[in-house]
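A.B. asks: Please read through the structure below; I'll follow up with questions.
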Amino acid sequence: MAIDIIPLERLRKNNKFDRGVSLVNKVKSDYQTSKHISFIVESENGTHNVMYFNEKEGELKWQCDCKWYTLQNKLCSHIIAVNLFLMKGKHGHA
């Protein structure tokens, strides 16, 4: 499954970018189905699940179970970290 990575210039404009950078090495691929891919991000605040849904549009393809994303419905540091992880090519999905 091809993953639509959020452009780096868009990620850099987010106030959670620096935090996302600090979490890149804490990202792990979890599992993949025909409709979504799951990633795990370990942080000092706990483990978060980031999901990529290939059936949705734009940034709605990306979702996280963290409090920030749930309450704000905006990109969080965990989604940013997964996108940066994918840009580095440390995965087998894209």
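A.B. asks: What is the distance, in nm, between label points placed 7 Å from the Cα along the Cα-to-Cβ direction at Asp30 and at Phe53?
C.D. replies: 1.4 nm
A.B. asks: With N denoting the number of residues in the chain, provide Rg(C-alpha) divided by 2.2 N^0.38 Å, to two decimal places. If you can, show how the numbers build up before the last one.
C.D. replies: On the way: Rg = 11.9 Å, N = 94, 2.2 N^0.38 = 12.4 Å.
My calculation over the Cα atoms of the chain gives 0.96.
A.B. asks: I would also like to ask the following. Which value in nm describes the separation of the simple spin-label points at Glu44 and Ala2, placed 7 Å from the Cα toward the beta carbon?
C.D. replies: 4.0 nm
A.B. asks: For n ≥ 4 DSSP H runs only, could you compute -39500 (n - 2.57) per run for the chain, divide by its residues and tell me the 222 nm figure to the nearest 500?
C.D. replies: Working: 4 runs with 30 residues, N = 94.
Using -39500 (n - 2.57) per qualifying helix, the result is -8500 deg cm²/dmol.
A.B. asks: Taking only C-alpha pairs under 8 Å that are 6+ residues apart, what is the relative contact order of the chain in percent?
C.D. replies: Values: 143 pairs, mean separation 31.0, N = 94.
The normalised contact order for the chain reaches 33 percent.
A.B. asks: Please sort 18-25, 77-84 by packing, taking for each peptide the average over its residues of neighbouring beta carbons within 10 angstrom, highest first. Walk me through the intermediate numbers first.
C.D. replies: Values: 18-25: 16.1, 77-84: 27.2.
Top to bottom by mean Cβ count within 10 Å: 77-84, 18-25.
A.B. asks: Pull up the cross-link candidates among the lysines for Lys13, meaning alpha carbon to alpha carbon under 26 Å and not fewer than 8 places away within one chain.
C.D. replies: Output for Lys13: Lys26, Lys28, Lys56, Lys61, Lys67, Lys74, Lys88, Lys90.
No value in this document is a laboratory result; all are computed from the given coordinates. Predicted model only: the values in this text are computed from it and were never measured. Methodologically, a virtual Cβ is constructed for each residue, glycine included, from the backbone with ideal geometry; neighbour enumeration extends over all protein chains shown.
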